[in-house]
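The values are calculated or read from the model by the stated rules, or taken from the named source; none is laboratory data. From a predicted model like this one, the values you see are computed outputs, not experimental measurements. Counting neighbours? That spans all protein chains shown, and the Cβs are built from the backbone with ideal geometry, glycine included.
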Amino acid sequence: MDMDAAVSTLTALSVFASTVEQAAFRSVHGYRVIGRKDGKWVRWERWVERQFLLSLSGARCLEVPVPATSPRILMAGWHGRPVFREGQIVGTWRCIVAFDSVAAVAPSSPPPPVLSPAVNPQLVCVPNLYKDLQKVFQFPKVENVPQRCGAKEQPIHSDEADSSGSDSDGDTQSDKELVLPVQKQPRANRKHIDSITLDEIAQYFHLPIREASKTLKIGVSILKRKCRNYGIPRWPHRKIKSLDSLISDLEFVLEDDEEDKQQELQQLEEQQQAAAIKALTKRKMMLESEKETLQQKPASDLMTETKQFREDVFKRRYRAKSSVMEMEAGGHTAEASLGPDD
């Protein structure tokens, strides 16, 4: 597919601070791209996730590759247009700046000190972040660029997500990145490993095992061995996440707008309405109780009743999705069957 030079416009920028590593930051950039493909003008969105090491101590700010084994803020296979808010938690990352011109999300002003070139002059050393922050906050021009920014940098590839599945649009912002020397993580101290208790490990059951091991400052294999010693054959993150999803679904039904409840339950008698809400509330309490038990006994399996309920939820979601797809397909068929106006 032939594609001429394309033009990118920033439409969204979110910056996240790590809750695990003090100097680690990530950014998610959204661009509206306009270009010519096969002789036609087309428009699509391109999303980029980047990672940085930022500090107010005078140390050089760096852009680093997003670790291949680390969970992404832009999850694989995501659909739609992501919208973030300041204070939002995504895994081990907390959003500290959120801007989205399409969703009308405005950032707090001024930005955090580490993201202000007036407080942190080294920020100009990471142009992929600084230039987009400049577009959002309109910083005064930096007259004296730190000398350490003058060194030549080797490009690396950042993680990009193109909503149209097209090739790169030639935007040079994603090409000027830094390569850091690979450093082996030091081995954990034996005393530190032996001092880790089951209660400490249980605090991180809600995280993927790699994130938990990083937080505990031990390797994944060591954490697995500790779990087996405590009688935990399998890391319970997926089971806890599944319970959280079911609880969230029930909360959505219970806390829905009163008008929506009336529309859904208007055909039921008052006793049936009360019984339905009571059953949902009871189910939610049972799931929360089972989650608490799983936190204390992570080796235990989900109850048969919970598995059946989860299967019912999956079937309901599939039927709803299939219904929407059929409606959309029917709408397209109706449009195609219409003839030209007389």
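List of remarks:
- All positions within the range 50-91 that are on the phi > 0 side of the Ramachandran plot and crowded, with 16+ Cβ neighbours inside 10 Å: GLY91
- The listed residues are ARG32, ARG43, ARG36, and the only one of them that is without any contact (Cβ under 8 Å) to a residue 12 or more places away in the chain, assigned to a strand (DSSP E or B), of a type in the set (Lys, Arg) and surrounded by fewer than 22 Cβ atoms within 10 Å (Cβ to Cβ) turns out to be ARG43.
Table: residues versus (1) farther than 28 Å from ILE73 by Cβ; (2) among the hydroxyl-bearing types (Ser, Thr, Tyr); (3) at pLDDT below 90; (4) exposed (fewer than 15 other Cβ atoms within 10 Å of the Cβ).
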residue	(1), (2), (3), (4)
ILE193	yes, no, yes, no
GLN203	no, no, yes, yes
ALA212	no, no, yes, no
TRP235	no, no, no, no
LEU243	no, no, yes, no
ASP249	no, no, yes, no
LYS261	yes, no, yes, no
ALA275	yes, no, yes, yes
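- Enumeration of residues in the range 50-71 that are assigned to a loop (DSSP other than H, G, I, E, B) and within 13 Å of VAL15 (Cα to Cα): LEU54
- Lone qualifier among PRO82, PRO117, PRO110 - being in a loop (DSSP other than H, G, I, E, B), in contact with a helix residue (DSSP H, G or I) (Cβ under 7 Å, 6 or more places away or on another chain) and closer than 20 Å to PHE52 by Cβ: PRO117
- Subset of the range 47-79 (residues that are among the small types (Gly, Ala, Ser) and over 13 Å from the mean Cα position of the chain (by Cα)): SER55, SER57, GLY58, ALA59, ALA68
- Any pair with Cβ under 7 angstrom, 6 or more apart, that starts in the range 53-64 at a residue that is farther than 9 Å from ALA23 by Cα and ends at one that is of a type in the set (Phe, Trp, Tyr): CYS61/PHE52; LEU62/PHE52; GLU63/PHE52; VAL64/PHE52
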